[in-house]
Amino acid sequence: MTALPLWEVFVRPKRGVSHVHAGSLHASDAESALRNARDVYTRRGEGVSIWVVPAAEVTASSPDEKEAWFDPAADKIYRHPTFYDVPDGVEHL
Amino acid sequence: MHDELGDPEFLALLDNEGRIEPRDAMPDAYRKTLIRQIAQHAHSEIIGMQPEGNWITRAPSLHRKAILLAKVQDEAGHGLYLYAAAETLGIDRSELLEALHEGRQKYSSIFNYPTKSWADIGAIGWLVDGAAIVNQVPLCRCSYGPYARAMIRICKEESFHQRQGFDLLLTLSNGTPAQHAMAQDAVDRWWWPSLMMFGPPDAESPNSARSTRWGIKRFSNDELRQRFVDIAVPQSEALGLTLPDPDLRWNAETEHWDFGEIDFSELYDVIAGKGYCNDERMERRTTAHNDGEWVREAAMAYAAKQKEKAA
Amino acid sequence: MILDLADDALILSHRCSEWLTRAPEIELDIAFGNIGLDLLGQARSLYALVGDEDQFAYQRDTHEWRNCTLVELPNGDFAFSMMRLLAFASYECALFSTDPGRDDLRAIYAKAIKEATYHLEHAEAWVLRLGDGTDVSHARMQAAVDTVWPLITELCSSAPEVEGVVRTQLAAILTAATLTVPTTTASTRRREHTPHLAHLLNEMQALAREHEGATW
């Protein structure tokens with residue numbers, strides 16, 4: 001069975017802050033990875049910039065030594081819990 | 001010789017920092033336990049898309065259709081966050097899917113129940129997601145970093161899921177007599193299976209002690225189950241629906257809701273594969289994966305061609 | 001005309017939602033969800049201009065629907081679904097680039113064109129990969145092209161002036177994907193719905209119709 005390679009995803013949530021590692025996903029190439037990342041990691045409008053890097057290209061250190069894409073997401077108000085009127089007195093929702 | 005729980009450096013890291021990250025040395029059993037738990041959680045999200053996904057095409061209003069579509073899509077996303085967390089432990093998603101398809105790894109048996117009516121969608125949101133939240137909030141402080149971070153992301157999205165389920169049931173409960181009856185019937189069918197989501201009673205849970213020492217499990221099955229009941233009972237009153245337990249009684253001494261004995265034999269049957277929808281769930285999953293092989297192959301072939309051209 | 005587009009968007013949204021739990025990769029389940037939600041949103045905005053959305057969606061019989069043939073066909077394989085999406089998104093992009101002559105529609109077009117652009121890019125990426133992937137994927141993609149091509153005239157029938165632009169854009173993409181652009185075109189205008197629409201509506205409407213006057 002064909003398996004698609006792993007990509008690490010970094011998202012800059014807004015201007016003024018740096019990219020933060022959001023997680024990973026699978027895709028056949030960089031363009032697909034970017035598109036997938038937009039769908040998977042910024043559905044609730046959490047990003048202005050995405051980086052994708054093949055997981056295999058990341059070099060890690062050992063602990064002991066130590067406008068357009070994101071607009072459509074902004075109006076899907078039913079994703080946010082505050083959209084619903086919770087009856088008075090009902091707790092833990 | 002190292003204790004199976006881990007060598008002193010690992011335990012010190014666990015106790016002092018509270019967080020283990022992917023490149024830290026860890027006992028093989030810790031790694032294996034986490035892979036299994038995270039993967040089965042991921043599988044549950046993916047399989048869980050099915051009982052609810054079946055109703056997207058039948059949702060009775062466009063508003064509800066949109067909400068349900070967003071919810072099921074979120075579940076796919078949750079599965080992905082979790083597979084990603086499991087992969088940091090040095091295993092590939094394809095291996096995990098293989099384990100699921102071959103029955104070596106499992107998913108939550110709650111998803112082997114059928115969704116017989118539209119009201120089931122509400123019951124799943126209110127009860128099943130409600131139970132999941134009670135289980136998942138403590139996991140946000142789990143010792144393994146990537147798992148904890150995935151859980152934080154999931155918990156943020158999960159409260160939308162529970163709220164839409166409650167909202168759906170409230171509308172039905174306050175609707176026509178037929179709608180009210182539909183809602184009550186759904187709650188009657190989903191209540192006990194939701195309680196069983198917390199697992200067997202503490203006395204019958206063999207691996208809990210080790211998971212607790214490793215910071216993977218913060219509260220016992222019975223503690224979490226009681227927490228869920230205490231939250232759900234007042235909510236059922238707000239919904240104007242009853243719960244199918246004649247033994248449900250407020251205990252003024254303990255300040256908890258006492259509830260009836262759970263018949264776990266049904267759970268064990270469902271775990272053993274004799275549930276109503278076990279075959280259906282697995283068939284849909286494996287068919288999607290197998291039917292998609294030509295697409296994945298094509299994508300990789302295209303990528304290879306582009307690489308050659310660029311070289 | 002508003003109803004034509006609203007119905008197109010709703011039916012295609014419904015078809016997209018059928019892909020969830022069936023897509024080749026979990027990332028694609030999410031993508032289909034995204035596209036389905038966008039199209040559903042478009043449909044709802046358009047229905048709102050002319051009446052009650054649920055009345056339109058749940059209480060009309062098959063013959064009252066104004067969607068085109070292309071969107072009501074079953075999903076087929078992934079190649080067909082991507083070709084269908086490509087054609088539809090291309091049409092929407094062209095349509096939403098025109099001035100509808102009224103403010104409320106202008107606002108909807110302005111928002112929807114961003115979504116349609118994204119759908120177009122998504123579909124284009126896949127048509128490329130499947131067309132220029134393996135022999136198997138190429139054959140499936142070509143079959144999809146051959147099925148969809150004759151239906152484009154009907155797709156554009158509410159705005160026939162965009163048909164040329166659409167066909168030109170699609171031809172360029174198909175060529176880049178090593179696919180053959182069909183030379184035949186049908187000049188069908190709106191015609192009878194296929195039996196597929198009745199099946200779809202039956203499933204979609206059954207519950208709502210069973211409980212007359214109920215709120216959900």
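The values are calculated or read from the model by the stated rules, or taken from the named source; none is laboratory data. The model shown is predicted, which means the values in this text are computed figures rather than measured ones. Here Cβ is always computed from backbone atoms with ideal geometry, including for glycine, and neighbour counts include all displayed protein chains.
Remarks
- The one condition from (1) out of contact with any helix residue (DSSP H, G or I) (no Cβ under 7 Å at 6 or more places or on another chain); (2) surrounded by 13 or more Cβ atoms within 10 Å (Cβ to Cβ); (3) in a helix (DSSP H, G or I); (4) not β-branched (Val, Ile, Thr) that B:Glu308 does not meet is (2).
- Residue-level check: of (1) modelled with pLDDT under 95; (2) over 21 Å from B:Gly145 (Cβ atoms); (3) part of a helix (DSSP H, G or I), B:Tyr30 misses just (2).
- The residue list B:Leu127, B:Leu172, B:Leu68 contains one member that is assigned to a helix (DSSP H, G or I), modelled with pLDDT of 95 or more, within 23 Å of B:Cys277 (Cα to Cα) and more than 15 Å from the chain's Cα centre (by Cα), which is B:Leu68.
- Within the option set C:Arg44, C:Arg66, C:Arg60, being among the charged types (D, E, K, R) and within 13 Å of B:Ala66 (Cα to Cα) holds for one residue only, C:Arg44.
- Count of residues meeting criterion [more than 15 Å from the chain's Cα centre (by Cα), of a type in the set (D, E, K, R) and within 14 Å of chain C (Cβ to nearest Cβ)] in region B:12-60: 1
- Looking only at residues in region B:92-143 that are in contact with a strand residue (DSSP E or B) (Cβ under 8 Å, 6 or more places away or on another chain) and within 14 Å of chain A (Cβ to nearest Cβ), the one that is surrounded by the fewest Cβ atoms within 10 Å (Cβ to Cβ) is B:Asp92.
- Per the listing C:Ala79, C:Ala57, the residue uniquely within 30 Å of B:Thr287 (Cα to Cα) and either away from chain B (no Cβ under 14 Å) or surrounded by 16 or more Cβ atoms within 10 Å (Cβ to Cβ) (or both) is C:Ala79.
- Failed condition for B:Asp263, given (1) closer than 30 Å to B:Asn112 by Cβ; (2) at pLDDT 95 or above: (2)
- Check on C:Glu161, more than 14 Å from chain B (Cβ to nearest Cβ), buried (at least 16 other Cβ atoms within 10 Å of the Cβ) and assigned to a helix (DSSP H, G or I): no
- Scanning region B:202-223 for residues that are touching a Lys or Arg at 6+ places or on another chain (Cβ under 9 Å) and under 22 Å from B:Asn251 (Cα atoms) turns up just one, B:Phe219.
- Among the residues of region B:65-91, those that are in contact with a strand residue (DSSP E or B) (Cβ under 7 Å, 6 or more places away or on another chain) and closer than 17 Å to B:Glu158 by Cα comprise B:Leu80, B:Tyr81.
- Unmet requirement for C:Glu115, which otherwise passes all of (1) assigned to a helix (DSSP H, G or I); (2) modelled with pLDDT under 95: (2)
- Residues in region A:16-46 that are farther than 23 Å from C:Ala123 by Cα and either more than 10 Å from chain B (Cβ to nearest Cβ) or in a helix (DSSP H, G or I) (or both): A:Gly16, A:Val17, A:Ser18, A:His19, A:Val20.
- Residue within region B:191-210 that is modelled with pLDDT of 95 or more, under 18 Å from the mean Cα position of the chain (by Cα) and among the polar types (S, T, N, Q) present: yes
- The single condition from (1) within 9 Å of another protein chain (Cβ to nearest Cβ); (2) farther than 30 Å from B:Tyr81 by Cα; (3) of a type outside the set (Lys, Arg) that B:Ser159 fails is (2).
- Selection from region B:69-86 of residues that are closer than 14 Å to B:Gln40 by Cβ and more than 7 Å from chain C (Cβ to nearest Cβ): B:His78, B:Leu82, B:Tyr83, B:Ala85, B:Ala86
- Residue pairs whose Cβ atoms lie under 6 Å apart, separated by 6 or more positions or on different chains, with the first residue in region B:294-307 and more than 7 Å from every other protein chain (Cβ to nearest Cβ) and the second assigned to a helix (DSSP H, G or I) and of a type outside the set (Val, Ile, Thr), do not occur.
- Just one of the numbered conditions (1) farther than 30 Å from B:Arg58 by Cβ; (2) surrounded by 13 or more Cβ atoms within 10 Å (Cβ to Cβ) is not true of C:Met204: (1).
- Residue check for B:Leu80: closer than 21 Å to B:Arg149 by Cα and outside any helix (DSSP H, G or I): no
- C:Arg140 meets the conditions (1) under 27 Å from C:Thr62 (Cα atoms); (2) within 20 Å of the chain's Cα centre (by Cα); (3) within 14 Å of another protein chain (Cβ to nearest Cβ); (4) surrounded by 16 or more Cβ atoms within 10 Å (Cβ to Cβ) in every case but one. The failed one is (1).
- Where helices (runs of 4 or more DSSP H) fall entirely within region C:1-92, those with at least 1 residues that are over 20 Å from B:Ala76 (Cα atoms) and in contact with a Pro (Cβ under 8 Å, 6 or more places away or on another chain) are at C:53-59.
- Number of residues in region C:93-107 that are buried (at least 16 other Cβ atoms within 10 Å of the Cβ) and in a helix (DSSP H, G or I) equals 5.
- Going through (1) in contact with an Asp or Glu (Cβ under 6 Å, 6 or more places away or on another chain); (2) surrounded by fewer than 23 Cβ atoms within 10 Å (Cβ to Cβ) one by one, C:Glu18 falls short only on (1).
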